[in-house]
Every structure is written in C-alpha cells, then in structure tokens.
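Undergrad: Got a structure for you, written out below as structure tokens; questions coming shortly.
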Amino acid sequence: MWKTVVLSGLMCLVALPALAAEPAPKKVEVKGTLRTGVVAIGGETTGTSIETKEGKYELDFGTDKDLRKRAEELNGKMVVTGELNMRYKRLTATLFTATMAPGGQADEPAPEKQVAALSEQHRLAAIEGDTKALDAVLADDWVVVGPTGAVETKRQQEKKIKDKSLVFEAIDPKEVKVRVHGDAAIVMGLYHIKATRNGRTVDGVFRNTGVFTKQAGTWRCVFNQVTPVAGPPAEKR
C-alpha cells in the first residue's frame with residue numbers, strides 16, 4: 001500500500017512540469033502598422049497593437065514610458081522586433097526596437113478600411129454602452145441629428161447612455177459604404193436599429209450617415225445623421 005502511494009506521488013511530480021509548461025517566446029520581426037491609444041470593447045488590451053497581413057498583435061511595454069513614447073512617435077509605418085508569445089499573441093517590449101520602413105511606407109490599411117473599422121467600433125461601442133470606447137471614436141465636437149431632427153452633442157449622448165435613458169439593443173448593418181475625400185470621409189449605412197429611449201422602444205430601419213475627418217493623423221467621427229427609412233407608399237385605388 002505504501003509503495004502504491006509513493007509511486008502515485010512520484011507520477012504527479014513528474015506530470016507537474018508538463019502541466020505548468022508555457023510556450024517558449026519566439027524572437028520575431030514584425031512589419032505592419034502600429035496603432036496606439038486602442039480602446040478595448042469587451043476585453044483587455046495593452047492599448048497598442050501591430051496590424052500585419054498575418055493578423056493583429058498586441059505590444060506590451062510594461063511600465064517603460066520611454067518605449068511607449070517612442071511607439072507614439074512612430075505610429076504607423078514601422079518595423080518591430082520583440083519576443084512573440086504564441087499563446088497570447090502578444091509582443092513583449094523587452095527587445096523592442098522600431099525603425100521607419102523603407103520609403104516611410106508600411107503595410108498601412110487603405111483609408112477606406114481605416115474608416116470602416118472605426119465606424120464598426122462606433123457601432124459596437126454603442127451596443128455595449130461603452131462610453132470610454134465612444135470617447136475615443138468621436139471627436140469632442142461631435143454632434144448627431146436624430147430621427148426627429150433633434151441635435152445632440154457627444155456629452156449629452158454619453159450621459160444618456162450612462163444613466164440608461166438610451167440603450168441600444170441592436171444595430172444590425174444591412175449595407176455600409178465608405179467614400180474618402182482626402183482627409184474627410186463619409187460612411188453611408190443602412191441599419192436595423194432597436195433601442196429604448198426614455199422608456200420608449202424604437203425599432204425600425206434607419207439610414208445612418210457618418211462624417212469622419214483625419215485629425216493629427218487619426219481618424220475621428222465628427223457628425224452623424226440618423227434618418228428613418230419609410231416603407232413604400234400605399235397604392236391608390
């Protein structure tokens with residue numbers, strides 16, 4: 001009996017290192033677009049990511065303020081070298097270096113894709129009621145013209161979302177088109193929106209037009225107009 005207990009204990013000790021083993025970090029070179037000031041929607045983030053053709057990687061600076069400052073200066077168009085933890089898909093900043101890519105160009109997404117991604121962040125943040133994410137997407141002077149023609153500022157809408165007098169249950173896209181004109185862009189979307197506003201349910205199809213501008217190298221939404229889509233007119237007999 002004692003032999004059995006001792007043998008079982010030894011087997012457990014042998015198994016422990018295998019259970020505790022973590023994937024070894026792998027030194028890699030990543031070329032892509034650096035995004036700083038990333039706001040999480042429903043999850044944790046380091047605030048900085050590298051977007052590549054293969055996928056997106058988070059860049060972890062720990063408490064090193066100098067590295068974070070350098071990353072902000074090289075926002076986009078860069079090469080990053082670090083240790084990539086394959087389990088968490090995160091680049092550690094222990095070996096972080098960054099240089100401008102040849103010609104000052106990298107695999108930066110086209111402006112249409114950048115604006116489309118920001119518009120999607122806006123949609124998700126509204127559904128989640130995430131005012132922190134909304135604050136990052138919307139310009140400080142953002143306004144929206146609602147279905148009734150009423151004008152609402154960024155702060156006014158964020159306040160209503162916080163106190164639950166405005167709750168979006170669904171904002172389902174049916175059609176989204178992006179047009180870019182230099183440092184300005186228009187997003188024209190058709191959405192099924194279900195929301196509760198001041199205790200009243202709103203449920204229907206709406207045309208949402210968003211205006212985006214590039215401010216200090218970063219796209220922000222400055223204006224939205226939401227218009228209800230009327231059904232076909234009744235036939236006269």
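The values are calculated or read from the model by the stated rules, or taken from the named source; none is laboratory data. Bear in mind that the values here come from a model prediction, so they are computed numbers and not experimental data. Here the Cβ is made from the backbone with ideal geometry for all residues, glycine too, and neighbour counts use every protein chain on show.
Undergrad: Filter the stretch 132-146 down to the residues that are over 16 Å from Q215 (Cα atoms) and surrounded by fewer than 16 Cβ atoms within 10 Å (Cβ to Cβ), then identify the one that is modelled with the highest pLDDT.
TA: Across the stretch 132-146, the extreme among qualifying residues is V145.
Undergrad: Right, another one. Restricting to the stretch 197-216, name every residue that is among the aliphatic types (A, V, I, L, M) and in a strand (DSSP E or B). Break it down into steps so the answer makes sense when it comes.
TA: Filtering the stretch 197-216 for residues among the aliphatic types (A, V, I, L, M) gives 202, 205, 211, 216.
Correct list: V202, V205, V211.
Undergrad: Looking at K164, is it assigned to a strand (DSSP E or B) and basic (K, R)?
TA: Criteria not met by K164.
Undergrad: Could you tell me how many of the residues in the stretch 151-168 are out of contact with any strand residue (DSSP E or B) (no Cβ under 9 Å at 6 or more places or on another chain) and either more than 18 Å from H122 (Cα to Cα) or small (G, A, S) (or both)?
TA: 1
Undergrad: Then there's this: Only one residue in T153, T148, T131 is touching an Asp or Glu at 6+ places or on another chain (Cβ under 7 Å) and not basic (K, R). Which one?
TA: Being touching an Asp or Glu at 6+ places or on another chain (Cβ under 7 Å) and not basic (K, R) holds for just one of T153, T148, T131, which is T131.
Undergrad: To continue, here is another question. Assess whether R155 counts as being in contact (Cβ under 8 Å) with a residue 12 or more places away in the chain, farther than 15 Å from T218 by Cα and not polar (S, T, N, Q). So that I can check it myself, show each step before the final result.
TA: Details: in contact (Cβ under 8 Å) with a residue 12 or more places away in the chain: no; farther than 15 Å from T218 by Cα: yes; not polar (S, T, N, Q): yes.
Criteria not met by R155.
Undergrad: Any residue in the stretch 170-185 that is surrounded by 14 or more Cβ atoms within 10 Å (Cβ to Cβ), within 30 Å of P111 (Cα to Cα), modelled with pLDDT of 95 or more and in contact with an Asp or Glu (Cβ under 6 Å, 6 or more places away or on another chain)?
TA: Yes, some residue in the stretch 170-185 is surrounded by 14 or more Cβ atoms within 10 Å (Cβ to Cβ), within 30 Å of P111 (Cα to Cα), modelled with pLDDT of 95 or more and in contact with an Asp or Glu (Cβ under 6 Å, 6 or more places away or on another chain).
Undergrad: For the stretch 107-140, give me each residue that is under 18 Å from E169 (Cβ atoms), in a helix (DSSP H, G or I) and in contact (Cβ under 8 Å) with a residue 40 or more places away in the chain. Full working, then the answer.
TA: To start, the set of residues in the stretch 107-140 that are under 18 Å from E169 (Cβ atoms) comprises 120, 122-131, 133-134.
Still in the list and also in a helix (DSSP H, G or I): 120, 122-128, 131, 133-134.
Listed by number, the residues that qualify are H122, R123, L124, A125, A126, I127, E128, A133.
Conditions tested, residue by residue: (1) over 15 Å from V115 (Cα atoms); (2) aliphatic (A, V, I, L, M); (3) touching a helix residue (DSSP H, G or I) at 6+ places or on another chain (Cβ under 8 Å).
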{"residue": "A170", "(1), (2), (3)": "yes, yes, yes"}
{"residue": "V178", "(1), (2), (3)": "no, yes, yes"}
{"residue": "A185", "(1), (2), (3)": "no, yes, yes"}
{"residue": "W219", "(1), (2), (3)": "no, no, yes"}
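Undergrad: Which condition number does V143 fail, the rest of (1) more than 20 Å from A195 (Cβ to Cβ); (2) β-branched (V, I, T); (3) not in a helix (DSSP H, G or I) being met?
TA: (1)
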